[in-house]
Each structure stands twice: as C-alpha cells, then as structure tokens.
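The values are calculated or read from the model by the stated rules, or taken from the named source; none is laboratory data. Predicted model, so just to flag it, every value in this text is computed and none were measured. All Cβ positions, glycine included, derive from the backbone under ideal geometry; neighbour counts span all protein chains shown. Remember, those area values only see protein heavy atoms, side chains included, never the ligands or the DNA or RNA. Shrake-Rupley method; radii C 1.70, N 1.55, O 1.52, S 1.80 Å.
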Amino acid sequence: MSIVAELAARPGVIAAGEYSYRGDRFQCKGELSEEHARMASIMCRATNLSAHMQAHFLALGMDPCPFNPASGWSVRGPHFTVCVMANVFCFLDNTATSLNEVMRLMHKHLGREPEDLI
Amino acid sequence: MQSLDELMKLPGAIASFEFSDRGELTEHCLAEGNELTPDILDLVSHVCIANISIATMQARGWEKVTGQAGFYPVEGFTLVGFDWSTVSSGNRGVILRNEEADYQATYDALGV
Amino acid sequence: MIRRLLAIDGVNAVCHFRDDGALVEGHGVLEEQHMAGLAMFAHDYRRILQSHADQLSMFSQVRGWTPPKGWIVHGREATVCSFGNLVCLVDNREASLSEVMRELADTQY
C-alpha cells in the first residue's frame, strides 16, 4: 500500500495526495475534487519551497543545522490541519484524528527523502 | 496559557521563545547542551511569522475559492526539519527534537 | 557580458545563475562563496515567487501575475534585484531601481 493510500485510509484523514516538485502533476485520494486537489498541490508546493529555503538560511547560522534540510511542515486551522512531508500532503479533521500518529507515519516514510526538489 | 519555562517541559523541547508581530525575538528559554543561540532563535521567529503569514494568505484564498471554512484563522505552523522541529502559534514557539516530539501536546500547550 | 551591469550607478555585484541555482558567473564586490550564495538565494526566491504568483492567479482569478519576470527586495541600505536568471546587489544611495531593472531585463538570458 502506498503512503498516500495508507494515509487516506486513516480515520479523520479527509484527503491525501502527492504532487511533483515541478508542479506539473498531482494525484489525490479522498474527499477533494480534482480541481481542489490541484489547488492544494500548488499551495503545498509553494510552502514547501519556502520551508526549504528557510532551512537553508537557518543553516547559515548553525553547522551542522538540525533543521536542514527541511523534511516537511504542518499548518493548523480551527477545524482542519494540513501536513506535508516531502511531496506528499494530507488534510486532517482536527477532531477525528491523531496529529502525532499522522506526523509520525509521514516522517517515517518520507522524512529522509532526498532534498533536490525535482 | 503556559509560560516559556513550562513549555520547556514538553517532550523533546530544547527551546521556547516569544516574538513580536514582526518576528523579532523578545524572550526565550534555552536548554543546556545544544548549539542554539538567541540569534538563531530570532531567525526561527522570522520563519514562524513568515509561514503563518503565507498560510493565512492560503487559508483566505482557499476558503474564498472552495467555500470550505476551517483553516482560517491559522492557529499554528510547524516546520519539520531533519532532526528538529519548530512549532509555533500566535507569538510563541517551541523547538523540539523530532524523535521525542509530541506535536499535539505542543499545540495544546501553546493554547491552540 | 553581464559585467557591464556593474557600470550602472549603485550596482555592487551581479550574478548569472543556472536553472538549478548554480553560479554561472559573478562580478563585483562579493567573494566567490557569497556570489554562489546570492545565486542560490535568487534561484530559490524566484521559484517561491513563481509559486506565490500561481496562487495569486488561482485565488484572484485574475490573469497578469504569471509568469513573474522579476522581483525586488528593498532593504534600508541595500536592495536585491532580479530578472530572469540574473540577480544584482544594489546600494540604495546611488542606484535608480528603474534603471537597474531595465538593464537587467535587457540583459537577461
């Protein structure tokens, strides 16, 4: 089972997907329409690029820098959370899922992905 | 809301810090035995503010276009680095070692 | 070719970077290591701004943001200007940003 399918099958996961770093492809499982999944991919890719650049900047002040390279990020709203690790994203319902379990699962599978965002 | 000292009791916490609306470091606590400095925490504070701003723009845009509410206002942002993570909410943040990190407890402690 | 950009008032350094961020050539007051850093920053920043422009188009449903051609980050004393694969470091006291951007646009690869 792919990590996307595994995430999508978890309780409280609204949708999970992956996108290409070049921004030209995406796939998604769950309760997001094709158009919304495309939008989510564009947004996650943008924040991923920022996070990677920020980790590079943090590394200018620390050698070695335990933040660099960035593995992923998450953003939390009142009802939903988005978690991204490498090029995989996941939309969570805050009330129905364990943030730690999802983060741990994503980190285990994707936290050591190569850094080149191609 | 927990104090910076109390935030240091979170699993894996090695620093807790507070920053202005512009991202400048205003207060901090550091655990002994790591290479973090106030200068680095200042940079991390700017990272937190920048990402919360970007996420806020995205939450606004997403809700407007999709009609799906629930992301705005953005309550927290976490950067998962290679070995450390920084979890932020409002004007405060905590740096955690990834292998011990309890993200949920950290958000709870930050008042999310 | 890009060395001539140093003749513009206030331009202290100029770099040409590849699509992967590697420095192709750099001229001016920066050391080689900092030239490479400026090139990588400009490359990363361009990708980020491209993705933000995509989002702006997506959310506003207004055309005209994409593809972004260049950017300016204006500090109190210094400014970084970029157009295409070129980036330059500018001293605010001496430079006209309009002139710098015009020349960068004319020179871009």
Free of Cβ contacts under 8 Å to residues at least 24 places away in the same chain, open to solvent by 60 Å² or more (accessible area, probe 1.4 Å) and farther than 20 Å from B:G12 by Cβ, is that true of A:R38? yes
Conditions first: (1) over 21 Å from A:M103 (Cα atoms); (2) open to solvent by less than 60 Å² (accessible area, probe 1.4 Å); (3) not in a helix (DSSP H, G or I). B:E35 passes all but one, so which condition is the exception? (2)
I'd like to verify a number: residues in the stretch A:85-101 that are more than 9 Å from chain B (Cβ to nearest Cβ), in contact with a helix residue (DSSP H, G or I) (Cβ under 8 Å, 6 or more places away or on another chain) and outside any loop (DSSP other than H, G, I, E, B), how many? 5
Examine the stretch A:58-68 for a residue that is in contact (Cβ under 8 Å) with a residue 12 or more places away in the chain, crowded, with 24+ Cβ neighbours inside 10 Å and assigned to a loop (DSSP other than H, G, I, E, B), and state whether such a residue exists. yes
Considering each of C:A22, C:A53, C:A78 in turn, give the residue that is open to solvent by less than 70 Å² (accessible area, probe 1.4 Å), among the aliphatic types (A, V, I, L, M) and within 14 Å of chain B (Cβ to nearest Cβ). C:A53
Going through (1) within 11 Å of another protein chain (Cβ to nearest Cβ); (2) open to solvent by 30 Å² or more (accessible area, probe 1.4 Å); (3) at pLDDT below 95; (4) assigned to a loop (DSSP other than H, G, I, E, B) one by one, B:M57 fails only at (4)
